[in-house]
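Participant: Structure in structure tokens, see below.
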Amino acid sequence: MNKEKVLEIANSLLLEINDDYEEIEVDTCFYTYPVLKSIFVSFDCEELEEGSEFIVDFRNRLGKEFNVSTFLISLLHECGHCETWFKTTRKQERYNQKIKRWIEKGKRSTLDYFKLADERRATNWAIYFIRNNYELIKIYDKKIKES
Ligand SMILES: [Zn+2]
């Protein structure tokens with residue numbers, strides 16, 4: 001896989017969604033600064049593994065009839081944050097930050113992470129987007145696989 005090429009393809013997908021997106025950057029995991037529409041991706045992290053809690057939960061909710069790569073699932077989840085962050089209230093945001101800190105310290109299960117309101121909203125957005133733009137997603141996934 002040519003990482004430069006994958007980034008180029010992923011950037012053009014983001015621009016089809018919304019032309020406000022910053023160019024994608026690479027880091028050790030997937031995350032985003034939603035207000036800035038700035039997304040970071042990884043080519044080697046737990047989230048990309050087929051058996052990870054995140055991917056298993058996402059696939060169960062998406063439905064078996066949709067076949068999307070773990071890279072695009074993770075990318076679109078981050079898009080979901082960028083497209084929905086404004087729906088998170090300050091109260092929810094404080095609660096989410098608290099739970100995320102507890103998870104980091106091992107005081108809460110990592111399973112709780114993706115149940116948080118902002119995480120669920122980001123995933124719901126991604127699922128909705130895939131279902132409604134499946135032909136487009138298939139084209140991008142094919143381009144990524146061939147790069
Ligand atoms: Zn997230």
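Participant: Answer with yes or no whether residue 6 is of a type in the set (A, V, I, L, M, F, W, C), more than 16 Å from the ligand (Cβ to nearest atom), in a helix (DSSP H, G or I) and surrounded by 11 or more Cβ atoms within 10 Å (Cβ to Cβ).
Facilitator: When the stated conditions are applied, residue 6 passes them.
Participant: Related question: Residue 83 fails exactly one of the following numbered conditions: (1) modelled with pLDDT under 95; (2) touching a helix residue (DSSP H, G or I) at 6+ places or on another chain (Cβ under 6 Å). What is the number of that condition?
Facilitator: (1)
Participant: In contact with a strand residue (DSSP E or B) (Cβ under 6 Å, 6 or more places away or on another chain), at pLDDT 95 or above and not hydrophobic (A, V, I, L, M, F, W, C): does that describe residue 25?
Facilitator: Against the criterion (in contact with a strand residue (DSSP E or B) (Cβ under 6 Å, 6 or more places away or on another chain), at pLDDT 95 or above and not hydrophobic (A, V, I, L, M, F, W, C)), residue 25 qualifies.
Participant: Follow-up. Hey, among the residues in the stretch 99-135 that are on the phi < 0 side of the Ramachandran plot and not in a helix (DSSP H, G or I), which one's nearest to the ligand (Cβ to nearest atom)?
Facilitator: 116
Participant: Working only within the stretch 54-98, note down all residues that are within 11 Å of the ligand (Cβ to nearest atom), among the charged types (D, E, K, R) and more than 12 Å from residue 118 (Cα to Cα).
Facilitator: Listed by number, the list is empty, since nothing qualifies.
Participant: Right, residue 140: crowded, with 18+ Cβ neighbours inside 10 Å, not in a loop (DSSP other than H, G, I, E, B) and not small (Gly, Ala, Ser) or not?
Facilitator: For residue 140, the condition - crowded, with 18+ Cβ neighbours inside 10 Å, not in a loop (DSSP other than H, G, I, E, B) and not small (Gly, Ala, Ser) - is met.
Participant: Taking the conditions exactly as written (out of contact with any His (no Cβ under 8 Å at 6 or more places or on another chain), at pLDDT 95 or above and either surrounded by 13 or more Cβ atoms within 10 Å (Cβ to Cβ) or among the small types (Gly, Ala, Ser) (or both)), does residue 74 satisfy them or not?
Facilitator: Judged against the criteria, residue 74 is a match.
Participant: Restricting attention to the stretch 9-53, report how many residues are within 16 Å of the ligand (Cβ to nearest atom), assigned to a loop (DSSP other than H, G, I, E, B) and among the hydrophobic types (A, V, I, L, M, F, W, C).
Facilitator: Qualifying residue count, the stretch 9-53: 4.
Participant: Within the stretch 1-37, work out how many residues are of a type in the set (S, T, N, Q) and farther than 19 Å from residue 129 by Cβ.
Facilitator: 2
The values are calculated or read from the model by the stated rules, or taken from the named source; none is laboratory data. Computed from a predicted structure; not experimentally measured. Every residue, glycine among them, receives a Cβ derived from its backbone with ideal geometry; neighbour counts consider all protein chains shown.
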